[in-house]
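Read through the structure below, which is laid out as structure tokens, and then see the notes.
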Amino acid sequence: MRDAYGGIVNIAIVVVFLVLVSGYLAFNVNYTKAFRLKNKIISLLEEYEGAGYENIPGCNGSGLCGDIRNYASQIGYNVNSMNAPDDGNSWVCDKSVGYCVALMGKGNNSDAVNESSDVYFTVITQININIPIINNIMGLRIFQVSGSTKTMKKVNLT
């Protein structure tokens, strides 16, 4: 009887170890996708000088938004439940892909930006962790990756 109990404990330890390692690897893959998309959005915003960022929610598949959507589908990034942070900034989100962009004034929030201000964009992407049982227990949808562009003049933004 003692040998049977020891075998069950050993199997349980191996199963727990495999679940932890698999979860860690899945998290790393999804973190990498979110990080790569954030970096691409930042480089595209700098390339387009922010033009067209306000059209992100109603994207017609061309320009800045189209390039972002193409890259997201290329790397396999998809988060269906992205919500903008409630921090007082005016976030523009593309919920079909799963990212948000906000126009910020240098040292200010977006409400204080005037026509001659130096501005930058803040980008947020979310790590997709879709494990239903664990999400119901722990609510793991809180992991986000954020970054900012270099400063640019608001006059370039149309």
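Looking only at residues in the range 61-71 that are in a helix (DSSP H, G or I) and not aromatic (Phe, Trp, Tyr), which one is farthest from the chain's Cα centre (by Cα)?
Result: Gly63.
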Practice task
Determine if the range 23-46 includes at least one residue that is on the phi < 0 side of the Ramachandran plot, free of Cβ contacts under 8 Å to residues at least 24 places away in the same chain and acidic (Asp, Glu).
Solution key: no
Practice task
Please verify whether the range 56-79 includes one or more residues that are surrounded by 14 or more Cβ atoms within 10 Å (Cβ to Cβ), at pLDDT below 85 and of a type in the set (Val, Ile, Thr).
Solution key: yes
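Select from the range 33-60 the residues that are under 15 Å from Phe121 (Cα atoms) and hydrophobic (A, V, I, L, M, F, W, C) and write down the one among them that is farthest from the chain's Cα centre (by Cα). Quick ask: steps written out before the conclusion?
Applying the first criterion (under 15 Å from Phe121 (Cα atoms)) to the range 33-60 yields 37-56.
Filter again for hydrophobic (A, V, I, L, M, F, W, C), leaving 37, 41-42, 44-45, 51, 56.
Numbers: Leu37: 7, Ile41: 10, Ile42: 12, Leu44: 15, Leu45: 15, Ala51: 21, Ile56: 15 Å.
Residue satisfying both the conditions and the ranking: Ala51.
The values are calculated or read from the model by the stated rules, or taken from the named source; none is laboratory data. Every value quoted in this text rests on a predicted model; they were computed, and no experiment measured them. Neighbour counts run over all protein chains shown; Cβ positions are idealised from the backbone, glycine included.
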